[in-house]
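Reading through the structure tokens given below for one structure.
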Protein chains: 2
Amino acid sequence: MILKSEHLAEKQNTLYDAIIVGGGAGGLSAAVYLARYNLKVLVIEKGRGRSFWMQQLWNFIPNVVSGKDLLEGGRRMALDYGADWLNGFVEEVTDTGEEFQVRVKYRRKNSEYPVFRARYLIAASGIMDRLPQLADMHNVYEYAGYNLHVCLICDGYEMTDKRTALIVGSEGAINTAFVLNWFTPYIYVLTGGAFPVSEAMREKLAAHGYPLIEKPIARFLGENHEMNGIEFVDGSQIAVETGLISMGSVRHSAYLESLGLKKDGEDLLTDEMCRTSHPRIFALGDLKKGLNQVSVAVADGTLAATAIWREVRRAAPTRKWEENLQTPAAV
Amino acid sequence: MILKSEHLAEKQNTLYDAIIVGGGAGGLSAAVYLARYNLKVLVIEKGRGRSFWMQQLWNFIPNVVSGKDLLEGGRRMALDYGADWLNGFVEEVTDTGEEFQVRVKYRRKNSEYPVFRARYLIAASGIMDRLPQLADMHNVYEYAGYNLHVCLICDGYEMTDKRTALIVGSEGAINTAFVLNWFTPYIYVLTGGAFPVSEAMREKLAAHGYPLIEKPIARFLGENHEMNGIEFVDGSQIAVETGLISMGSVRHSAYLESLGLKKDGEDLLTDEMCRTSHPRIFALGDLKKGLNQVSVAVADGTLAATAIWREVRRAAPTRKWEENLQTPAAV
């Protein structure tokens, strides 16, 4: 059920088998599996995560689907099997040793701060791509996720042999040009002037014929979500057919900081069932080491849910045929 | 394109980047990714694999879908992006060191035996569940994949608190009862008399109240794909609401035998990108160690395709902006 204010008191007394932070591709998959294992599960979703912005998932079989349809379909499945759902923001997680206490900010206005309890925690809160910060962010959202892409693996195909603006946030990210050029060699590299570019990198770009533009972006040009050019603050413009933003990402994992989970760089380390270094915390999808793809997150949800089910099941008393057994006459 | 007889001569001269053996969930995912990486890929599908028989995938977001729709949707996606497809059976794979030569039996009658070439091989040919072998196999197919299940993880939920026939092929498989009882304690264990049951197992079943029936099955009872009972060869019957077949499975991997890949038991060992112990052979889904779930196979396809793309890309010459570059006037 979808939890509203009137349910919060009762549900804070429930000991969930698992609380899932994040209702994206991984969290939804975990929720469906856990609910179908007849376990008590609560999904807490803050809204407008990474998949919300995906206009088309081109590579997730069996059908091209939008992020919104993926989220809505998965949510409906999880609810149908009995999962609980709360639209809220997880502020803090405390481990008592026996259970987790998960403090949530519910409602932006007149907020309440319920604390939910669970034996297992699934961190499925993902990451969010950094976008160019223009004065008019509506102009960015008009194209981001359409033909202004954020994922080279997902959307490289869509850029094949097109004039492409590669918008980067650091010198390291300029190297994306030398992967993007598998798909297209017609690459403008745009730094926005946000950082200095080394002489070695300037020479490498020049040798490839990729123009380096260091002026701040004023706005994206185009219409109907189809970007066809970029205007700079000095009024100059370039005509492009597509764009790729490579400015890094922000992790939605502040609530995990106090728990001291092991990482490789910023990625959470997990075992083959997505278990972190904490035996009752699992991490899915973009938060963990590995490829940031919807298909991977969906499989991660399967694995984490199944690992949790196995432990809960093995710890539970076995069920015998207790009813007054009527064996068939002939047996 | 779908390859027919008239294409075989030309396509045998093509050096594919990868040949995928098996057009199930994993193979289709790999095909879609590889094709979107602008690589040349051929899928060889023998037909009627495990997912073909799945009536509903209850746990693969965002929508409950049938196996046939999964296969048809994924196939259409792969073809749209330019993958080649052949309905045929892979008989033998030879590694020349530089490429694989894949010998295929094409057409059951008037067979041809084309040999296709690829740099990489993806083994996605999966497994098939063993089914009870009755005189009338149509009677088995009438219910298998409907409410006569083959996967406890997938369909345990559908058996919740229902009278269930557990049909086993070995004493070891009887232990499935003590996992199935998470979902339902109303379990009949049916051996068909195919093997002797130890005294210890008899006592364990009796202690749980699960009847052990060792008579051969004559046929499944029911109508419209809804099994509601089982009749034995002596004419006796039991009424059940659902069934679970746990008779092991057959691997579709004879073509790999000569390649000496490392295994754990029968499962192929792979790294985190699904690469086997052979650097140019990847294995997906049910053939490899891990959970046999559609979501896992789909992620495996993503990983293997991406690993192959990375290697092909890094070995390829870099693409420069070769056309007569027109930089925008103001830059």
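Numbers for the structure displayed
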quantity: Evaluation of residue B:161 against (1) under 30 Å from residue A:40 (Cα atoms); (2) touching a helix residue (DSSP H, G or I) at 6+ places or on another chain (Cβ under 8 Å) (one fails), failing number; calculated: (2)
quantity: Of the criteria (1) of a type in the set (Gly, Ala, Ser); (2) exposed (fewer than 15 other Cβ atoms within 10 Å of the Cβ); (3) part of a strand (DSSP E or B), which one residue B:9 fails; calculated: (3)
quantity: Enumeration of residues in the stretch A:63-88 that are closer than 29 Å to residue B:34 by Cβ and part of a loop (DSSP other than H, G, I, E, B); calculated: A:63, A:64, A:66
quantity: Residue, surrounded by the fewest Cβ atoms within 10 Å (Cβ to Cβ), within the stretch B:182-214, restricted to residues that are of a type in the set (Gly, Ala, Ser), more than 10 Å from every other protein chain (Cβ to nearest Cβ) and part of a helix (DSSP H, G or I); calculated: B:200
quantity: Unmet requirement for residue B:101, which otherwise passes all of (1) crowded, with 18+ Cβ neighbours inside 10 Å; (2) out of contact with any Asp or Glu (no Cβ under 6 Å at 6 or more places or on another chain); (3) at pLDDT 95 or above; calculated: (1)
quantity: Test for residue A:69: is it closer than 22 Å to residue A:312 by Cβ, of a type in the set (D, E, K, R) and surrounded by fewer than 24 Cβ atoms within 10 Å (Cβ to Cβ); calculated: no
quantity: Within the stretch A:134-172, tally of residues that are polar (S, T, N, Q) and closer than 23 Å to residue B:36 by Cβ; calculated: 3
quantity: Selection within the stretch B:107-149 - without any contact (Cβ under 8 Å) to a residue 40 or more places away in the chain, part of a loop (DSSP other than H, G, I, E, B) and not charged (D, E, K, R); calculated: B:110, B:111, B:113, B:133, B:135
quantity: Candidate set: the stretch A:150-181, residues that are facing chain B (nearest Cβ under 9 Å) and not in a helix (DSSP H, G or I); chosen: the one surrounded by the most Cβ atoms within 10 Å (Cβ to Cβ); calculated: A:181
quantity: Looking only at the stretch B:12-29, and only at residues there that are under 18 Å from residue B:252 (Cα atoms) and within 14 Å of chain A (Cβ to nearest Cβ), the one that is surrounded by the most Cβ atoms within 10 Å (Cβ to Cβ); calculated: B:26
quantity: Checking residue B:2 against (1) out of contact with any Gly (no Cβ under 8 Å at 6 or more places or on another chain); (2) surrounded by fewer than 24 Cβ atoms within 10 Å (Cβ to Cβ); (3) under 16 Å from residue B:93 (Cα atoms), the condition it does not meet; calculated: (3)
quantity: Qualifying residue in the stretch B:310-328 (condition: surrounded by fewer than 23 Cβ atoms within 10 Å (Cβ to Cβ), of a type in the set (Ser, Thr, Tyr) and within 14 Å of another protein chain (Cβ to nearest Cβ)); calculated: yes
quantity: Flag if residue A:132 is at pLDDT 95 or above, away from chain B (no Cβ under 13 Å) and under 24 Å from residue A:215 (Cα atoms); calculated: yes
quantity: Of the criteria (1) over 21 Å from the mean Cα position of the chain (by Cα); (2) farther than 13 Å from residue B:12 by Cα, which one residue B:92 fails; calculated: (1)
quantity: Residues of the stretch A:193-203 classified as in contact (Cβ under 8 Å) with a residue 12 or more places away in the chain and over 32 Å from the mean Cα position of the chain (by Cα), total; calculated: 1
quantity: Residue within the stretch A:219-231 that is over 28 Å from residue A:265 (Cα atoms) and in a helix (DSSP H, G or I) present; calculated: no
quantity: Residue, farthest from residue B:126 (Cα to Cα), within the stretch B:42-76, restricted to residues that are of a type in the set (A, V, I, L, M, F, W, C) and more than 10 Å from chain A (Cβ to nearest Cβ); calculated: B:42
quantity: Sole exception among (1) closer than 22 Å to residue B:319 by Cβ; (2) of a type in the set (A, V, I, L, M, F, W, C); (3) within 20 Å of the chain's Cα centre (by Cα) for residue A:166, by number; calculated: (3)
quantity: Residue A:60 being over 25 Å from residue B:160 (Cα atoms), assigned to a strand (DSSP E or B), hydrophobic (A, V, I, L, M, F, W, C) and in contact (Cβ under 8 Å) with a residue 24 or more places away in the chain; calculated: no
quantity: Subset of the stretch A:275-297 (residues that are in a loop (DSSP other than H, G, I, E, B) and either touching a Gly at 6+ places or on another chain (Cβ under 7 Å) or within 11 Å of another protein chain (Cβ to nearest Cβ) (or both)); calculated: A:284, A:289, A:290, A:291, A:292, A:293
quantity: Count - residues of the stretch B:225-236 that are surrounded by fewer than 18 Cβ atoms within 10 Å (Cβ to Cβ) and over 29 Å from the mean Cα position of the chain (by Cα); calculated: 5
quantity: Single condition residue A:300 does not satisfy, out of (1) assigned to a loop (DSSP other than H, G, I, E, B); (2) of a type in the set (D, E, K, R); (3) touching a helix residue (DSSP H, G or I) at 6+ places or on another chain (Cβ under 6 Å); (4) crowded, with 17+ Cβ neighbours inside 10 Å; calculated: (1)
quantity: Residue A:222 vs. criteria at pLDDT 95 or above, loosely packed, with under 15 Cβ neighbours inside 10 Å and either out of contact with any strand residue (DSSP E or B) (no Cβ under 8 Å at 6 or more places or on another chain) or over 30 Å from residue A:118 (Cα atoms) (or both); calculated: no
quantity: Matching entry among A:102, A:115 (being within 23 Å of residue A:311 (Cα to Cα) and either away from every other protein chain (no Cβ under 14 Å) or touching a His at 6+ places or on another chain (Cβ under 8 Å) (or both)); calculated: A:102
quantity: Subset of the stretch B:180-214 (residues that are in contact with a Gly (Cβ under 6 Å, 6 or more places away or on another chain) and closer than 18 Å to residue B:247 by Cα); calculated: B:214
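Residue by residue, here is whether (1) surrounded by fewer than 16 Cβ atoms within 10 Å (Cβ to Cβ); (2) touching an Asp or Glu at 6+ places or on another chain (Cβ under 7 Å) holds:
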residue: B:41; (1), (2): no, yes
residue: B:61; (1), (2): no, no
residue: B:77; (1), (2): no, no
residue: B:84; (1), (2): no, no
residue: B:91; (1), (2): yes, no
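Residues are listed down the side, and each one gets a yes or a no for (1) free of Cβ contacts under 8 Å to residues at least 40 places away in the same chain; (2) at positive phi; (3) not aromatic (Phe, Trp, Tyr):
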site	(1), (2), (3)
A:191	yes, no, yes
A:205	yes, no, yes
A:209	yes, yes, yes
A:237	yes, no, yes
A:252	no, no, yes
A:268	no, no, yes
A:272	yes, no, yes
A:283	no, no, yes
A:297	no, no, yes
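The values are calculated or read from the model by the stated rules, or taken from the named source; none is laboratory data. Just so we're clear, the structure is a prediction, and the values are computed from it rather than from any experiment. Positions of Cβ are generated from backbone atoms using ideal geometry, with glycine treated the same way; all protein chains shown enter the neighbour counts.
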